[in-house]
Each structure stands twice: as C-alpha cells, then as structure tokens.
Amino acid sequence: MLITHKKSKNISCRSVPIWFMRQAGRYLPEYHTLRNKEISFLKTCFNPDIAAEISLQPIIRFDFDFIILFADILVIPHALGQNVDFVNGKGPVLDKFDLNRKNGNSDKEALKILSPIFETIKIIKSKSIQKKTIGFCGGPFTVLTYMIERGSSRDHKNTLNFIKNKPNQTKYWLKKITEISIKYLLKQIEAGADLIKVFDSWAGLLNEREYEEYIIKPNKEIFESIKNEKEKTKIILFPRKSKHFIDIFLREINCDIISIDQHLSRKNMDYCRKNKITIQGNLNPELLFTGGIKMVEEVKKIMEKYKNNEHIFNLSHGVLPNTPLRNVKQVVEQVKNYEFTN
C-alpha cells in the first residue's frame, strides 16, 4: 500500500514515506512571516488562506510525502465554548470553564466555529500537489486534560484528581468530546483529507483500568464511526507513552496505522505485520534537534528495524522549536535514498 520494492542482487531499495509531526510550524523561518500577519496563533489556525500556505511550506522546502493540516488539537475546547489563547513562552491558556455541569456549545454551534478549518483543507487540495493530506484531532482524554488543567501541565494533578473523584463528569465530557471529534473528522474528510490522525499525547498518564475506559474506548469509537461512514479513509492512531498497554490497544482496535513513540516490542511488530498494520515512527525529536552522527545512526537503526513491516518514517513526537533546518533536510534525504542490505 505505502511501500514499493526494487530488488537487486545485494541491495533492496524501498521507498519508505516520510513526514514529521509538527512539520509545519515554529522551526521554519517562513512560518513566522505568515504567523505575524495574524494577531494570535488561534486566529492563524482559523485563517484558511494562511493556514493552507503554512501547511504547504514544509512540502515546498523538504518534499515530505504527506501534508499535515496546520491547526491545533485545542480548537475543540475552543469550539465547545472554552476560549483558548496561546501565550509566547507559556503555551496554551484556557479560560475558566465549569466542567462540573453540562454546558458548552452544541455540536452544530461547534462545527460552525470549526468551519474555517474545512476551508483550509479545500484550499490545500486545490493546489494540485500530488501529496496526501492528513487531517487530525486530539484524543478525547488528551483534550480533556487541557480543559481541566487550563493549559499544559507537568504532573497533571488536577486531571488525575478529577477523573478519580468525578467519574460521572469525566464520562460526560469524554463522550461530548468524542462525539464532536467524530463529526469534526468526518467534515475534514468531506473537505478532502485523505487520512486522519488522532493524537492521544497523554495516554501514558493512566493505569490499566483507566486506560481501557478513557483511551481505548474513545479511540475505538472514533475509529469505528469513521470507518462506518468513510470505509476507505486510513486512520492513524497515536496513543503516546503506552508502553505497558500497547498490546491491549492493538488487540482492541484493528487500526490502519499505529504511530509510536520510543517503545514497540518485537512482539508488537510481529502483530502489526501479521495484521497489516502500518507502523509510523519513531525518531526522537531531540536527536533531530542535535543532529550529527548519532542522528544518522539512529535513522539507520529505525529503517532496518522496521524493514519487514509497512513503515512510515516519522518522529516519536513533534519537531522541536529551533530545530536546525539542515538536520531535517539530512534526515529526509537519508530516508528517501536509503538502501537496505539483504
């Protein structure tokens, strides 16, 4: 599906596709030129002309194999009625929002707020670039963590206390986020997204019981709902830091593509190969940042490790700010020109 093979006597040449999480963004100088045309990061996300151009910038510069929609997972709480701002040097800041009661905008109201993002996808698709476009949303639990913490957090104490002491509210909001996320993704597909991805960046916070309830259940509902409506659309799932539970995740959700962090066992790799699940990942963004021989060797290690699996080369998380452009270029060229020894 994603990989082609050309064999000679001693060399196997395989075209392994490559793209990076956060490939459109702060590390690109051309991004800042466009970002400065809007008064805020969120308004940039909701400006279809600018967001489409930002989405295409890394394609023009590096010739990545996929276009990732320029947006943010926190457009969902914003659309539900919890205003979101992004503060330089601090990150996202969400307004106070009473999660103890059933409030927030309706799905219809939320989708109206989100409608500029669908226009962004249409503009990207109109550019006649022969690349597949990836739309996305945040995993419901990950989105809820930001709504509870009202921003980023190192220890997530508020989130862990909330889900422990307020299970009914937790289930209500996860259901609400899941339902709007499904509708949001379907609208992205209708606008032209070829694949969609669910980023559950904080999946690793939970114990096994919580993981099954708050990670697997919502991801499975999103996956099955999208497949029921858009069977041919490929879905990438990213349950980050799920080292101890990835077996359960893979068993419960027969996903098309599993995006991984630093951890995937040989057993998991064999399972993916047997079940035709593509593995996406997993260069450490810190190695991409520092570059040098360690980066080159790690790229080689990853390419060899997954050579018997369907594989999309990516990072274990997003491109870090100030990552040198030469390092990104070097990795893209190394992957595109890589030759496997038999």
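Here, each number is a calculation from the coordinates, and none is a lab measurement. These numbers come from a predicted model, not from an experiment. Positions of Cβ are generated from backbone atoms using ideal geometry, with glycine treated the same way; all protein chains shown enter the neighbour counts.
With contacts taken as Cα pairs under 8 Å and at least 6 residues apart, region 7-76 reaches a relative contact order of 35 percent.
Checking every one of the trypsin sites (Lys or Arg not before Pro) in region 223-263 against DSSP loop status and a limit of 11 other Cβ atoms within 10 Å picks out LYS232. Which entries of LYS183/LYS336; LYS241/LYS294; LYS183/LYS241; LYS127/LYS336; LYS217/LYS300 have Cα-Cα distances beyond 32 Å here? Flagged as over cut-off: LYS183/LYS336; LYS217/LYS300.
State whether region 35-113 is rounded, prolate or oblate according to the following rule on the C-alpha gyration tensor (a ≥ b ≥ c being the square roots of its eigenvalues): a/c under 1.5 gives rounded; otherwise a/b larger than b/c gives prolate, and the remaining case gives oblate. Cα axes put region 35-113 in the prolate bin.
The ranking of TYR184, TYR271 from fewest to most other beta carbons within 10 Å of each one's beta carbon is TYR271, TYR184. For the pair region 131-195 / region 222-253, the C-alpha centres are spaced 14 Å from each other. Judged by the ratio a/c of the largest to the smallest principal axis of the C-alpha gyration tensor, region 103-147 counts as oblate, that ratio being 1.5 or greater while a/b is no larger than b/c. Taking other C-beta atoms within 10 angstrom as a stand-in for reagent exposure, THR233, THR44 fall in the order THR233, THR44, fewest first. Both numbers refer to the Cα atoms of region 239-302; Rg and Dmax are 13.1, 39 Å. Could you state the angle between the C-alpha long axis of helix 292-305 and the longest principal axis of the C-alpha atoms of the chain, as a value from 0 to 90 degrees rounded to the nearest 10? Helix 292-305 sits roughly 90 degrees off the main axis of the chain. Near the amide H of ILE312, within less than 5 Å, lie the amide hydrogens of ILE279, GLN280, GLY281, all on another chain or at least 5 residues away, with H placed in the peptide plane. Given bins 10 angstrom wide, list per bin the percent of all Cα-Cα distances in region 247-342, short to long. Final binned percentages: 15, 47, 28, 10, 0. Shown in residue order for region 187-198 are the 3J(HN,Hα) couplings computed by the Karplus curve 6.51 cos²θ - 1.76 cosθ + 1.60 at θ = phi - 60°: 5, 5, 5, 4, 6, x, 4, 8, 9, 9, 10, 10 Hz (x for Gly and Pro). By the count of other C-beta atoms within 10 Å, a proxy for reagent exposure, VAL335, VAL87 are ordered fewest to most as VAL87, VAL335. Tell me whether region 1-132 comes out rounded, prolate or oblate; compute the Cα gyration tensor, take square roots of the eigenvalues as a ≥ b ≥ c, and use a/c under 1.5 as the rounded threshold. It comes out prolate by the Cα gyration axes. Please find, in a Gaussian network model of the chain (springs between Cα atoms separated by less than 10 Å), the residue of GLN280, GLN23, GLN330 whose mean-square fluctuation is greatest. Looking only at GLN280, GLN23, GLN330, the biggest GNM fluctuation is shown by GLN330.
How tilted is helix 140-149 with respect to the longest principal axis of the chain? Cα atoms for both, answer in degrees (0 to 90, nearest 10). Tilt relative to the chain: about 60 degrees. In the chain, helices alone account for a calculated mean residue ellipticity at 222 nm of -14500 deg cm²/dmol, with every DSSP H run of four or more residues adding -39,500 (n - 2.57). Residues in region 126-134 carry Karplus couplings, in order, of 6, 7, 6, 8, 7, 9, 7, 9, 9 Hz; the curve used is 6.51 cos²θ - 1.76 cosθ + 1.60 with θ = phi - 60°, and Gly or Pro positions show x. Beyond 28 Å, the tail of the calculated P(r) for the chain holds 41 percent of the Cα pairs.
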